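The values are calculated or read from the model by the stated rules, or taken from the named source; none is laboratory data. These numbers come from a predicted model, not from an experiment. So basically every Cβ, Gly included, is an ideal-geometry build from the backbone, and we count neighbours across all protein chains shown. Heads up: the accessible areas ignore ligands, DNA and RNA and are worked out on the full protein's heavy atoms, side chains in. Shrake-Rupley method; radii C 1.70, N 1.55, O 1.52, S 1.80 Å.
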Amino acid sequence: MTDKIKVAILGATGMIGQRFVQLLEDHPYFEFGGFYASERSEGKTLGEVLKIRDHRFKEETLEMKIELLETERVAASSRVAFSGLPSDTAKDIESELARTGLAVFSNAGAHRMSPDVPLLIPEVNAEHIEAVKGQTSFDNGGFIVTNANCSTTGIALPLKALHEAYGLDLVTVSTYQALSGAGYPGVPSMDILGNVIPYIGGEEEKMETEIKKMLGKWNGGFEFADFSMFANCARVPVLDGHLESMVLKFRETPDSDELIRTLESFRGLPGEFRLPTAPIHPLIVRKERDRPQPALDAFAGDPERARGMAVTVGRVRRSGDYFKMFCLSHNTLRGGAGGSVLNAELAKVKGLI
Ligand SMILES: NC(=O)c1ccc[n+]([C@@H]2O[C@H](COP(=O)([O-])OP(=O)(O)OC[C@H]3O[C@@H](n4cnc5c(N)ncnc54)[C@H](OP(=O)(O)O)[C@@H]3O)[C@@H](O)[C@H]2O)c1
């Protein structure tokens, strides 16, 4: 008999769903209640639909069967649901699961901007988790917590550190986004090999709004942060890891050494709470002139459970009143499933589940 909390993986055949499975194998707080997807996958074992190639899953995990996603079935198996569903599918299913009393930690976009749903990164805005107490399902034990779109998550950590210290005035960001960010099987190979596609539907709009909710305040309602933000998003032929270039202007301009020290000393709450999936250093600043790179830095993060959870910043330069830099994060780990797992760990230590 174990006192671990049973969790359901929604979308267990997808890129995010299988990162959930990876991160939740042998988790100290959670254990699998069931894997769920559409009728296309019903009855198949995880091993038969495996997409993740850089993790060795346990045999007993690979033998688990995918079940048809029906809310009653999920509610009967689990207290918590981790959602890697497409946004349109997630909308009603996640609401229904919360009403049934489940804590839902979602990667989908459907509920991110709702006025009572936190868009949470524990290092950035842990206090926003209080918003779940205002959700109508909360009396029943159910609630929804979301994490941001993968490209927004990557910049949110350095921007939090810098906004707190100097006040952001202007953020311009250009992204070089990995293929795994488009889900499986993603962009057709004939379209992306040897190519860059300067369009990702809805991504720029999401970045420009989500960041202001996350860097804003929770005062019984969300007060959005006030700065100018411009995003350009492109898909590049890289498997994992979103690289993003930023040009920033602050209300108070620091010198370069001070700004780098601010990034390096950033910690946030998860370290204090010793959340299992929290990296010891959530921000890593590289000094080499050709870092960060997806091939070298996507899996940054210690200890082993937090591999892929650190954001790497590099090429920090001052140019007049502006600062230029690159940052890189693993889009399906820190920017996806890992973000939700960290949120659930925070909810657990806060006594919400
Ligand atoms: N990839 C990233 O880097 C990333 C990062 C942050 C957030 N997100 C968000 O996370 C979500 C999942 O993304 P992904 O990249 O993992 O997508 P994906 O690889 O396309 O996986 C989608 C999953 O949803 C399941 N599904 C689809 N329709 C369903 C239905 N009607 N009923 C039950 N299950 C259904 C699929 O099951 P079948 O195989 O049975 O069809 C599959 O398991 C999306 O909302 C995405 O925007 C993705």
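So here's what we get for this one:
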| quantity | calculated |
| --- | --- |
| Degrees, to the nearest 10: 150-166 long Cα axis against longest axis of the chain | 50 |
| Net lengthening on full extension, THR172/ASP191 (0.36 nm per residue, minus Cα-Cα) | 4.1 nm |
| Probe 1.4 Å, accessible area per residue of the chain, Å² | 42 |
| Rg/Rh (Cα only; Kirkwood hydrodynamic radius) as it applies to the chain | 0.95 |
| With Cα atoms, 0 to 90° folded angle of helix 87-100 axis to the chain main axis | 60 |
| Under Karplus coefficients 6.51, -1.76 and 1.60, residue-wise ³J(HN,Hα) of the stretch 331-343 in Hz, glycine/proline x | 6, 8, 9, 4, x, x, 4, x, x, 5, 5, 4, 4 |
| Label point distance in nm, TRP218-ARG315, each placed 7 Å from Cα along Cα→Cβ | 3.6 |
| Structure-based [θ]222 nm, the chain - -39500 (n - 2.57) summed over DSSP H runs of at least 4, per residue, nearest 500 | -8000 deg cm²/dmol |
| ALA81 long-range amide H proximity, modeled H, under 5 Å | ALA8, ALA103, VAL104, PHE105 |
| Stretch gain in nm, segment SER38-ASP3, where the contour uses 0.36 nm per residue and the Cα spacing is subtracted | 9.6 nm |
| Accessible-area value, PHE250, 1.4 Å probe, nucleic acids and ligands omitted, Å² | 10 |
| Neighbourhood net charge (14 Å Cβ-Cβ; Lys/Arg +1, Asp/Glu -1) for GLU304 | -1 |
| Histogram of C-alpha separations across the stretch 100-249, 5 Å bin width, % | 2, 9, 18, 19, 17, 14, 10, 7, 3, 1, 0 |
| Cross-link pairs beyond the 31 Å C-alpha cut-off, checked among LYS91/LYS212; LYS212/LYS287; LYS65/LYS213; LYS133/LYS160; LYS58/LYS217 | LYS65/LYS213; LYS58/LYS217 |
| Fraction of accessible area attributable to carbon and sulfur, the chain (%, probe 1.4 Å) | 49 |
| Under 13 Å, Cβ to Cβ, from GLU72 - net charge with Lys/Arg +1 and Asp/Glu -1 | -1 |
| Between 0 and 90°, nearest 10: helix 15-24 axis offset from the chain longest Cα axis | 80 |
| Three-way shape call for the stretch 136-213 based on the alpha-carbon gyration tensor, with the a/c threshold at 1.5 | oblate |
| Efficiency of FRET between TYR184 and THR136 - r from beta-carbon atoms, R0 30 angstrom, step 0.05 | 0.30 |
| Calculated over the stretch 1-80: convex hull of Cα atoms, volume per residue (Å³) | 90 |
| Lys/Arg +1, Asp/Glu -1 at C-beta; the chain dipole; positive extreme among PRO303, ASN343, LEU68 | PRO303 |
| Calculated FRET value between TYR322 and LYS51, using beta carbons and R₀ = 35 Å, to 0.05 | 0.30 |
| GLU31-ALA295 FRET efficiency (beta carbon distance; Förster radius 41 Å; 0.05 resolution) | 0.75 |
| Accessible area in the full protein assembly, largest first, 1.4 Å probe, for TYR322, TYR36 | TYR322, TYR36 |
| Nitroxide proxy distance, nm - points 7 Å out along Cα→Cβ at ALA234 and ASP257 | 3.5 |
| Additional length obtainable on full extension of the chain from GLU127 to GLU60, 0.36 nm per residue less Cα span | 20.4 nm |
